[in-house]
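Each remark here refers to the structure printed beneath this line.
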Amino acid sequence: MSNNNKEIRSDFDEYLVPCYAPMQVVPEKALGSKVWDYDGKEYIDFAGGIAVSCLGHCHPVMLDALEKQAKKVWHLSNVMTNKPAIDLAKRLTELTFADKVFFANSGAEANEAALKLARRVAIEKYSESKNEIISFKKGFHGRTFFTVTVGGQPVYSDGFGPKPGAITHLPYNDIEAFEKHINENTCAVMIEPIQGEGGIVPIEKPFLHRLAALCKKHDAVLIFDEVQTGVGRTGTLYAYESLDIIPDILTTAKSLGGGFPIAAMLTNNELAEHMKVGTHGSTYGGNPLASAVGLAVLNEVTSGSLMEDIITKEKLFKKLLNNMNQTLNVFDEIRGKGLLLGASLNQQWKGRARDILTEASRHGLLILIAGPDVIRFTPSLLVSEQEIKEGLKKLELSIKKLTL
Ligand SMILES: *Cc1c(COP(=O)(O)O)cnc(C)c1O
């Protein structure tokens, strides 16, 4: 049996469908913001499983919820309901604008549900021709054929034959383009409050407010994709709270399960009633194990000073990145909110985000990229100030190494 990084990683190439290019590092175990690979090397984790491990790895609250539920019942399907799912739905409606919740297993599935609901509402309430969806260039909404087509990176949706239709991609934060395009046949607008995969690009508030007003005027449903920004990531439970906008539909996944797959589509009563028995469904959606973990995560994230501390950590990250940049001169912008942060590489370093990620792993630091020119940080919301300092020191050393 293989039991070191190199052998295990080469088995990946042997046995897995080659649609990923994972790092050479193969983690064996993890705790909090630390990860250890099969060679026994320790890492500080600023990747957090792509904004998923919001309480870090193996948090006791998650372990406890998982173990307790595992001894009761794991799975029922939706021919029967289960209390953990109802408890989680109730909690989500208490904490947000929503009246009703639909559970799924991934961000893409939650978005798929949101888009289908928006189309159904428009067709039932208005007309068959009200079916156009507006979304944004560089946006990312998942990999099902519908969601990836709504996403704004054609390289991900090209090459699979005919695409779902009536979808238009407009430039993000460009109100003129939006104003010109929206019309009475627009049924939905899907948008990320911070474009995550697209490079950590925050939405501009005046753009969003005008966009929301135009959605109202044209009876188009406003869908907030908070799959990456949700569950405390930006310092409020959901990013819409700090933007003073209430969406009609919100999707949440990633951090919702803290590492256990679960997703949800949140909406109001008026829209929810268009989802009748049989309109949509999922075998696993609202699975008792996932829901029990989700509720534990949600309760932990909303307890104590966890969310206030995120802003302190954001400030520390930004300060240290700016300091580092004074001497190294690699970034042209440091942006994002809470613990969803991006450092975009300047002209001289363009295209080298992957090199920095690889060098950082050699120095014992796990980071992410968002495209070829942006370093992305999505650590545990519980990452300590000490870990932030240590991790960014490692980043600095890695970049220094690359300048040699
Ligand atoms: C990750 C992501 C998705 C897709 O989530 P999956 O769980 O991979 O299906 C959708 N939207 C946004 C904004 C994301 O960041």
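Throughout, read-outs are computed from the coordinates displayed, never taken from laboratory work. This structure is a prediction, so every number in the text was calculated from the model and none was measured. Note that each Cβ is placed from the backbone with ideal geometry, even for glycine, and that neighbours are counted across all protein chains shown.
Exactly which GluC sites (Glu not before Pro) in the range 133-184 are in a DSSP loop and have at most 11 other Cβ atoms within 10 Å? Kindly include the intermediate steps, with their values, before the conclusion.
Numbers: sites: Glu176, Glu179, Glu184; in loops: Glu184.
Qualifying residues, ordered by number: none.
May I ask for the net charge around Val73, where only other residues with Cβ less than 15 Å from the Cβ of Val73 are counted and Lys, Arg are +1 while Asp, Glu are -1?
Values: positive: Lys68, Lys71, Lys72, Lys83; negative: Glu67, Asp87.
Here the count lands on +2.
Pairing the Cα long axis of helix 288-301 with the longest principal axis of the chain, what angle in degrees results, from 0 to 90 and rounded to the nearest 10?
Tilt relative to the chain: about 70 degrees.
Given labels modelled 7 Å from the Cα in the Cβ direction, how far is it in nm from Asp11 to Arg354?
Rounded to a tenth, the inter-label distance reads 2.6 nm.
Loop only per DSSP, at most 10 neighbouring Cβ atoms within 10 Å: give me the trypsin sites (Lys or Arg not before Pro) in the range 272-326, ordered by residue number.
Answer in residue order: Lys276.
Roughly how tilted is helix 385-403, in degrees to the nearest 10 and between 0 and 90, from the longest Cα axis of the chain?
Roughly 70 degrees, rounded to the nearest 10.
Output the antiparallel fraction of DSSP beta bridges having both residues in the chain, as a percent to the nearest 5. Can you show the working numbers first?
On the way: 31 of 47 bridges.
Close to 65 percent.
Reachable lysines from Lys389, Cα under 29 Å, same-chain residues fewer than 8 places away excluded?
Here the lysines satisfying the reach criterion relative to Lys389 are Lys29, Lys34, Lys41, Lys254, Lys313, Lys315, Lys318, Lys319, Lys337, Lys350, Lys400, Lys401.
Over what distance in Å are the Cα centres of the range 111-189 and the range 27-47 separated?
The two parts, judged by their Cα centres, are 39 Å apart.
Net charge near Gly40, counting Lys/Arg +1 and Asp/Glu -1 over other residues with Cβ under 12 Å of its Cβ?
Once all neighbours under 12 Å are counted, the net charge is -2.
Just to be sure I understand: if I project the alpha-carbon convex hull of the range 82-126 onto a plane and average over all orientations, what area do I get in nm²?
Details: hull surface 15.7 nm².
Directional mean of the projected Cα hull area for the range 82-126 stands at 3.9 nm².
Skipping prolines and chain starts, which residues have an amide H placed within reach, meaning under 5 Å, of the one on Gly258, given they are 5 or more residues away or on another chain?
Counting only residues 5 or more places away or on other chains, the set is Cys54.
Ordered by residue, what ³J(HN,Hα) values in Hz, to whole numbers, does the range 257-274 give under the Karplus form 6.51 cos²θ - 1.76 cosθ + 1.60, where θ = phi - 60° and Gly and Pro are x?
x, x, x, 9, x, 7, 8, 8, 10, 10, 7, 9, 4, 4, 6, 4, 5, 7
Of all DSSP beta bridges in the range 73-301, what percent run antiparallel (nearest 5)? Could you put the intermediate results ahead of the total?
Numbers: 11 of 25 bridges.
Just about 45 percent of them are antiparallel.
Test of understanding: express the Cα radius of gyration of the chain as a ratio to 2.2 N^0.38 Å, with N the residue count.
0.99
So what is the calculated 222 nm ellipticity per residue for the chain, using -39500 (n - 2.57) for each DSSP H run with n of 4 or more, over all residues, to the nearest 500 deg cm²/dmol? Walk me through the numbers before you get to the answer.
On the way: 15 runs with 162 residues, N = 404.
Helix contribution divided over all residues of the chain: -12000 deg cm²/dmol.
Could you tell me which chymotrypsin sites (Phe, Trp or Tyr not before Pro) in the range 102-196 are loop residues by DSSP with no more than 13 other beta carbons within 10 angstrom of their beta carbon?
On the way: sites: Phe102, Phe103, Tyr126, Phe136, Phe140, Phe145, Phe146, Tyr156, Phe160, Tyr172, Phe178; in loops: Tyr126, Phe140, Phe160, Tyr172.
The qualifying sites are Phe160.
Assuming R0 = 45 Å, what is the FRET efficiency of Glu385 and Cys19, from their Cβ-Cβ distance, to the nearest 0.05?
On the way: r = 38 Å, r/R0 = 0.84.
Plugging the Cβ-Cβ distance into 1/(1 + (r/R0)^6) gives 0.75.
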